[in-house]
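The values are calculated or read from the model by the stated rules, or taken from the named source; none is laboratory data. Every value quoted in this text rests on a predicted model; they were computed, and no experiment measured them. FYI the Cβ positions are ideal-geometry reconstructions off the backbone, even for glycines, and counts take in every protein chain you see. Ligands, DNA and RNA are excluded from the accessible area calculation, which covers all protein heavy atoms including side chains. Shrake-Rupley method; radii C 1.70, N 1.55, O 1.52, S 1.80 Å.
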Amino acid sequence: MAAPENSKIRWRSVCIGKITVIVCTILTILTQKCSALPDFPSVTYEMMYSAGLDAYSNQKWSDCMKFMSRAIEDYHFYTETLAECRRLCTKANKFNTQKPVDMQLAIFGNYVYKSNCIRKCKMTKFKTRPDNYSAEVDEAFENLKPYDYYQLCAFKIQLYQHAAAAAYTFLLSNKDNEAMQKNIHYYRSLPQVKDEFFVNLEEKPYQTHYIRAVEAYNREDWLGVIESMEKSTREYFKEHRTCRLLCEGKVEQEQQLDFIENIADYFIKVLDCKKSCGQKLDKIYGQFIEDFIAGCYHYLQFAYFKVGEFNHASECAGTYLLFKPGDETMEANKDAYLRLKGIGPMSFTPREDAQKHYDLIAFEAQLLKYIDEHYMFDITEVIDDDDEFDDLFLGDSADELDILAKKKHDLEEFERAHGFQVFAGPKELKGKKRVVVDGFLTDEQCGWLKELANIGGIKGDGYQQYSTPHTKHEMYHGITVDKAAELVEGAKINMTAAELYLNVSELMRQYTEKYLNLASPLYFHFTHLVCRTSLDDGEERTDLSHPIHADNCIMTTDGKCLKKLPAFIWRDYTGLLYLNDNFEGGEFFFADRNKSMQSSVKPKCGRLVSFQASDYHGVKAVTSGQRCALAVWFTLDRMYQETAHDTAFQLLAKLRENPDLIGQKKETEKDDSVPVGKTKALEVYDDSNVQVIATDEDLGGPQRMAADGLATEEECQELCKLANGHGKRGSGYRGHVSPLSTHESFEGLDVPEAAEAAAVQGDGYRGKEKQSSPHTKHEIFAGLNVVHAYKD
Ligand SMILES: O=C(O)CCC(=O)C(=O)O
Ligand SMILES: [Fe+3]
């Protein structure tokens, strides 16, 4: 478990210096007695969060817990109260809009009246409390960040029950957060941590009732389903209203606009926020449930049917059909209900609250569609890519932030230690994950490598032996790193140059990995020292030395990047280290998909350019002289790692130990230095029990492979056990009833798989026959049974 110490928090401390001290003092005086937050109205969640962060960085773990939990508590108090004020004031009207002198005047007059109402309400409830919070802090609370800090601080003082609950709560809203997945995994491995510690501290009433309803459904306790699901729908609409009301204060206006423009822009932003309430709320145990509210009515209609309350059952069926018109299962149920005495078309009139909810959402969707298609958003808005480099170092959880801050620091240290200077970044180069850095080689070193390329370089090497692969006006020759080592053995070049080749390419790999802040290691796929020499010095040229292309896909005429063979689709990043500038032309450039130039780089000795292999780029014509570079293509897939570096390393080590061997063996003429594909890479695995039993030709298509020996008998059994374990849990999990199964699926199986399992259950319930789980089947048949029961 990576629990950071002495870490720098990358958080804008909103409450620094004096204020923090005051807050801390107040809270310290209050000590245990601080739960009645409204009594201390001027202490806000923002202040407490800041105090919590300070406590965290000063390693005051229990203070950190205390402040974080109070911050969370106050955030709830504040948001609930705010929503309540807005709700109370929605109906406050003074001016008659029915017979207005001027309708618009009356409407806005009422807004003035409502605004006053909200202000009065806030004054009564919040008293002297400041009412201006930074968007960053609000976002942190929405994403449950305080729980992240809370769990770390609790962990530090071995309060595992608190830590586990906070970690679990955070994870439910931040499912992809790998650091927290690892933390949960770690907590679970502790003997003192019990399953029941993993509780969702942010569970909303509608979720609790929903879970109970599904549990009751699984027990076939139909009255229980009715009671809990009715409560769940009521609570859901309430929560939805609150969520929408909270959207109403969240807009930051940047520009001076007309009165009406201002209102429209503000309104659109609020609308956009409201639209996301469904996405936010339709979750159980953090798992999104499609058509959540419709699903509730499906459960209800079935439960009412089971207890013989057909009027209610029909009403719920009708409500379901409001949300899912034409749903086959429900239409069939409807037909069946219609055959019952006392049930007519009116029995299917949707519930009033559901109808209101539906109308609102539908109207908003219509409005948003209009806005999407017609509204002229201010076109001066430009994408601010100033922070793109920093984006590479952005994290979510406290753990992540600390790790990333450390990585950024490491990178800076690495740059300092090697004397590298960043010359251009994503902003100047007009693309993410691009960098130009100087200082990789001295002039002398560039000279050695150039000489190496010229002595040992093979014409067309690396280009299927074509000496002019891209333009007839230039000749290419190159040398791979293992070939360079062989030249040392053949006494054609000195050891220093070959070692430099090996070492500097490794530095390029390390730097690219660090700069791009990659989560997994980079491997060499192909390393090539290459020179291009102008054949017609000084002639006018309209062609390029290297046409616009990407290094891992085929560029189509309409600018698409097709990840298909024969492109080297496993290449992920490219590094080009230039060796000279005494030539004409030959600028490297990045291009758009429409082939227009985005930015260019002038080669010079020791200058590295690194970028994503899928970025389009090219080289302008070399109109005179020779241009040399060390080009390295990296892959994230170990399978495609080239063996040349190992070979070179071993040979050079042997020659260092036995210098007598140098010059004894005749250097071979054979050139086998074409880029290494899968077959060569697989040889790496031959040493570790893996045997390739069939490849592309045997299996009748590209990129196919079968191999034995990837797991031992024991490992296979382990995996089977795991699968069986999940199978069992799966059946207990079908109603999303056990938090443990959600929790376990995060570590036992991968997240998408767990998500899929949950999605299947949700979907299946709504009658999709393709689902295979027994529970789902049961629900489909149960649905159909209704029909059959009355047909027969
Ligand atoms: O040498 C350069 O600047 C770029 C070469 C290149 O893009 C390539 O070989 O794929
Ligand atoms: Fe390229």
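At-a-glance table
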item	result
Residue check for K564: within 16 Å of ligand 1 (Cβ to nearest atom) and part of a loop (DSSP other than H, G, I, E, B)	no
Wholly enclosed helices (runs of 4 or more DSSP H) of segment 135-205 bearing at least 2 residues charged (D, E, K, R) and at pLDDT 90 or above	145-156, 178-189
Residue match in segment 233-252 (condition: open to solvent by 20 Å² or more (accessible area, probe 1.4 Å) and without any contact (Cβ under 8 Å) to a residue 24 or more places away in the chain)	yes
Some residue of segment 87-103 being under 30 Å from T169 (Cα atoms), modelled with pLDDT of 90 or more and not small (G, A, S)	yes
Total residues in segment 605-659, condition of a type outside the set (A, V, I, L, M, F, W, C), within 16 Å of ligand 2 (Cβ to nearest atom) and over 21 Å from N503 (Cβ atoms)	8
Residue within segment 105-119 that is open to solvent by less than 30 Å² (accessible area, probe 1.4 Å), out of contact with any strand residue (DSSP E or B) (no Cβ under 6 Å at 6 or more places or on another chain) and not in a helix (DSSP H, G or I) present	no
Counted residues, segment 550-568 - those being of a type in the set (S, T, N, Q) and surrounded by 12 or more Cβ atoms within 10 Å (Cβ to Cβ)	1
Among (1) away from ligand 1 (no atom under 15 Å from the Cβ); (2) more than 22 Å from P603 (Cα to Cα) - the single one H525 does not satisfy	(1)
Among residues of segment 53-96, those that are within 30 Å of H240 (Cβ to Cβ) and open to solvent by less than 10 Å² (accessible area, probe 1.4 Å), counted	6
Residue identified as more than 15 Å from ligand 1 (Cβ to nearest atom) and either outside the structural domain of Y511 (by the TED database) or not small (G, A, S) (or both) among D551, D592, D572, D581	D592
Filtered residues of segment 551-568 (kept if within 14 Å of ligand 2 (Cβ to nearest atom) and within 25 Å of the chain's Cα centre (by Cα))	D551, N552, C553, C561
Pair list, Cβ under 8 Å, 6 or more apart: segment 483-498 residue closer than 20 Å to E642 by Cα and surrounded by 16 or more Cβ atoms within 10 Å (Cβ to Cβ), other residue among the β-branched types (V, I, T) and modelled with pLDDT of 90 or more	A485/T647; L487/I479; A498/V481; A498/V488
Test for M597: is it within 16 Å of ligand 2 (Cβ to nearest atom) and surrounded by fewer than 19 Cβ atoms within 10 Å (Cβ to Cβ)	yes
Matching residues, segment 612-636, being near ligand 1 (Cβ under 10 Å from one of its atoms), in a strand (DSSP E or B) and under 26 Å from the mean Cα position of the chain (by Cα)	W633
Segment 461-495: number of residues that are assigned to a loop (DSSP other than H, G, I, E, B), of a type outside the set (G, A, S) and at pLDDT below 90	14
Failed criterion for S134 (all others in (1) more than 30 Å from the chain's Cα centre (by Cα); (2) farther than 24 Å from L281 by Cβ; (3) among the polar types (S, T, N, Q) hold)	(1)
Verdict on A264 being among the aliphatic types (A, V, I, L, M) and surrounded by 17 or more Cβ atoms within 10 Å (Cβ to Cβ)	no
Which numbered condition I548 misses (of (1) under 29 Å from T623 (Cα atoms); (2) away from ligand 2 (no atom under 16 Å from the Cβ))	(2)
Condition check for S614: among the hydroxyl-bearing types (S, T, Y) and without any contact (Cβ under 8 Å) to a residue 40 or more places away in the chain	no
